[in-house]
Amino acid sequence: MLKSPWARFYSNSCCLCCHVRTGTIILGVWYLIINSVVLLILLSALTDPDQYHLTSAELGGEFEFMDDANMCIATAISLLMILICAMATYGAYKQHAAWIIPFFCYQIFDFALNTLVAISVLVYPSTIQDYLHQLPNNFPYKEEIMSVNPTCLVVIILLFISIILAFKGYLISCVWNCYRYINGRNNSDVLVYITTNDTAKDAYVIQLSRPLG
């Protein structure tokens with residue numbers, strides 16, 4: 001029988017030989033912890049703006065690090081991410097495939113953004129030097145990074161982004177396999193239920209059709 005290209009990459013196990021459900025739960029909890037920490041930092045920054053406020057003189061530029069509007073947007077994004085991660089964790093634990101879809105869509109969106117960054121670095125390598133010049137003068141290792149050969153710097157950045165994309169792609173495949181596993185298991189349970197009911201009905205009809213005595 002011919003198999004679809006997606007079926008060739010289907011597997012019930014992921015990293016460390018654990019099940020895809022376990023891997024998805026661990027991944028959802030990990031993202032949940034990270035976004036919770038980010039949310040706590042943002043809330044503390046909103047309650048005490050002077051502690052996290054960096055002026056343009058400190059940054060060496062003509063802009064501020066974070067204003068109130070950007071802080072509110074980042075807080076809303078963190079809350080949305082916490083909700084999406086919690087849904088994925090709950091969906092994998094309770095075997096509700098539909099709850100995993102928002103987290104899977106977020107992974108696809110994040111992978112697409114990183115791919116666009118890699119393409120922009122490959123097509124416009126001069127943007128790296130422009131970005132380095134815009135960094136504050138007190139940025140750690142700024143002079144050392146700018147002293148590196150631009151071609152070598154582009155190769156290093158592309159290699160680093162490629163490793164990140166490969167890792168993110170593997171995580172996407174784990175979540176997708178978890179969705180397929182839960183969806184297939186739910187469909188098989190429904191099929192078994194229908195088959196069992198039909199068999200019971202047929203046996204009941206045969207029993208009634210037999211003559212008495």
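Once the piece of chain linking residue 120 and residue 37 is laid out straight, how much longer is it, given 0.36 nm per residue of separation minus the C-alpha distance between them?
On the way: separation 83, 0.36 × 83 = 29.88 nm, distance 3.05 nm.
Separation in residues times 0.36 nm, less the Cα-Cα distance, equals 26.8 nm.
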- request: Treat every Asp and Glu Cβ in segment 65-168 as -1 and every Lys and Arg Cβ as +1, leave all other atoms uncharged, and give the resulting dipole magnitude about the Cα centre to the nearest 20 debye.
  value: 420
query: What is the sum of charges around residue 34, taking Lys and Arg as +1, Asp and Glu as -1, for the other residues whose C-beta is under 15 Å from the C-beta of residue 34?
result: 0
message: Show me, for segment 172-181, the HN-Hα J-couplings you get by feeding each phi into the Karplus relation (A = 6.51, B = -1.76, C = 1.60, θ = phi - 60°), rounded to Hz, glycine and proline as x.
response: 4, 5, 5, 5, 5, 5, 5, 4, 5, 5
field: Counted charge near residue 178, where neighbours are those whose Cβ lies closer than 12 Å (Asp, Glu -1; Lys, Arg +1)
entry: +3
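We did not get these values from a lab; they are worked out from the coordinates using the rules stated. Here the structure is a predicted model, which is why all the values come from computation and not from measurement. Cβ sites come from the backbone with ideal geometry, for glycine too, and all protein chains shown count toward neighbours.
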